[in-house]
1. When the Cα centres of segment 456-527 and segment 36-67 are compared, how far apart do they sit, in Å?
2. Give the range of the longest stretch in the chain that excludes all trypsin sites (Lys or Arg not before Pro) found in loop regions by DSSP and having at most 12 other beta-carbon atoms within 10 Å.
3. Check Arg355: other-chain or 5+ apart residues with amide H under 5 Å from its amide H, H built from backbone geometry?
4. List the relative contact order of the chain as a percent without decimals, with contacts defined as Cα pairs under 8 Å and 6+ residues apart.
5. What list of ³J(HN,Hα) couplings, whole Hz, do you get for segment 429-438 from phi and the Karplus terms 6.51, -1.76, 1.60, once you set θ to phi - 60° and write x for glycine and proline?
6. Please list the non-local residues whose amide H lies under 5 Å from the amide H of Val382, H modeled 1.01 Å from N, same-chain partners needing a gap of 5 or more.
7. Kirkwood-based Rg over Rh for segment 1-153 (C-alpha set), two decimals?
8. Sticking with the crude label model, points 7 Å out along Cα→Cβ, report the distance from Ala229 to Leu176 in nm, one decimal please.
Amino acid sequence: MKRIDCIIIGAGVNSLVAAAQLARAGRKVLVLERRDCVGGTHASAELHPGYRFDTAMTSLGWLPPMLGRQLRLARHGLKVHWAGMPLLALQRDGHSLPLWRDERRTVRSLRMLSVHDAERWPAFCARAARLAGFLRSAYMLPAPQVPDPGWGDAWNLVQLGLKARGLGKVEMMELLRVLPLSVGEWLDEWFESDLLKGALGAGGVQNIDLGPQAAGTALGLLHQHAGAAAGDIRPVGFVRGGMARLSEALAAAARAAGATIELNSAVASVLVRGGQAAGVVLKNGNDLKAATIVSGLDPKQTMLELVGGDWLEPGFVRRIRNIRAAGIASRVHLALDGLPDLPGVPSGGLEALGRISISPSLEYLERAHDCAKYGRVSDAPVLEAVIPSLSDPSLAPAGCHVMSVSVQYTPWQLRAGAWDAQRSAALRDTVVELLDAHIPGLRARIQAAVVNTPADFERQYGAPRGNLNHADLTLDQILFMRPVAGWAQYRTPVRGLFLCGPANHPGGGITGMAGYHAARAVLQSKA
């Protein structure tokens, strides 16, 4: 490239969206990725011959339709299957609870468990959809600067205010009341069934080191519902061909707009001249000049390692260091030579299946977290398994299947020792035993098992302390406080240096929007 306007560090989903948007605006964009493939945590791999798994992110978050249309992702090969049964909750005694996108089918399922909960379900879904709708509106806007908003920030605040007013007085007060609640308290207000509350409660603490009774975890459940229709609680989307197809579609969109993507190009440092970004130095010793740098890496790695503290005010450094991002979830991938009987799945309903939940009560969740608090892995962890090959047979040999299991409460920092092959094998055995107790016959179907711990995520994807979202989604780390208060607009104290990873607003699970907002911040910047 004769001229580079913007260098983007990393080729994760948000980075690729930013690259596409900036290239569409006429900027000369170069994306530098240290690995030999694009996508970051949205990756797929053949972990066993003939079996293709989504290695980190096992379900697509909300992909705003606006983004898909602008980047023409369907034309670039993206196809998504949304599970008609997003959640199947299992108990050891063989009882199960299927939750459907179709609200009426869920009511029929619940009636066999609890008449009270069946009657409450439609009202709960309507309330959750309304409250999550406000979050969706907030996520579609860049976070305003607080305090001292500029004109653009003031307009964003006006728009949010209008949306809040549109909720009505009652639901606006309900939003303010619910967000600080624990997910356990909120669900206790609505339902009586332990199985239902346990399955929903797991969504409130997904990928964060908190139990269901921790304040603010109701936010986590609403966050997962942003962009979904009423009744579609915790929606599950599978990318046809594997999650890597999303990354490939975004990369194709970026290249079509004129961006260049260089693989196997690790960045060692960001060049700064007089407080202004000036380019990057690669680990091979080469340097590249550009006045605008956008980093898809986490804030700690970007600011403290690539930039260094010499250019940063001590208070800012302290806030960056204090970002909470402790990895707490692992993955166990299973190659199956066939499908065992799944309790509660009706005939013809297999293709509709989303995630299988083993979290039979809020107390079960809390006890699993008790172990993690002290650096231990529970003997009864929280499991959520998906079998994407049910709707996409191309992922496995004929008649076979892939199962990916998210294991919650496996701390990055263990109390005794560190993650190694022995501890990974122990986690695998615990997960297989627990699955087999709920899905009889599963163990006999397993041909191979691969474990990815938080330590693996850190090594493979650069996830800070194994946290795939780069920062916990908690009340003090959302909106204008994400990643840190005073710097939620994708800019940094280094002029011309921007952040676009999931540690920024609106956070993980909202596909590509941090990259979209970061690109807008670049285009509006005078730097």
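The values are calculated or read from the model by the stated rules, or taken from the named source; none is laboratory data. Just so it is clear, the model here is predicted, and its values are computed rather than measured. Cβ sites come from the backbone with ideal geometry, for glycine too, and all protein chains shown count toward neighbours. Heads up: the accessible areas ignore ligands, DNA and RNA and are worked out on the full protein's heavy atoms, side chains in. Shrake-Rupley method; radii C 1.70, N 1.55, O 1.52, S 1.80 Å.
1. If you average the Cα positions of each part, the centres end up 20 Å apart.
2. It runs 93-282.
3. Long-range HN contacts for Arg355: Leu87, Leu88.
4. Reported relative contact order: 24 percent.
5. Running phi through 6.51 cos²θ - 1.76 cosθ + 1.60 with θ = phi - 60° gives 5, 4, 5, 5, 5, 5, 4, 5, 5, 9 Hz.
6. The list, which skips near neighbours in sequence, is Gln408.
7. On the way: Rg = 21.6 Å, Rh = 20.1 Å.
Here the Rg-to-Rh quotient is 1.08.
8. Using points 7 Å along Cα→Cβ, the separation is 3.3 nm.
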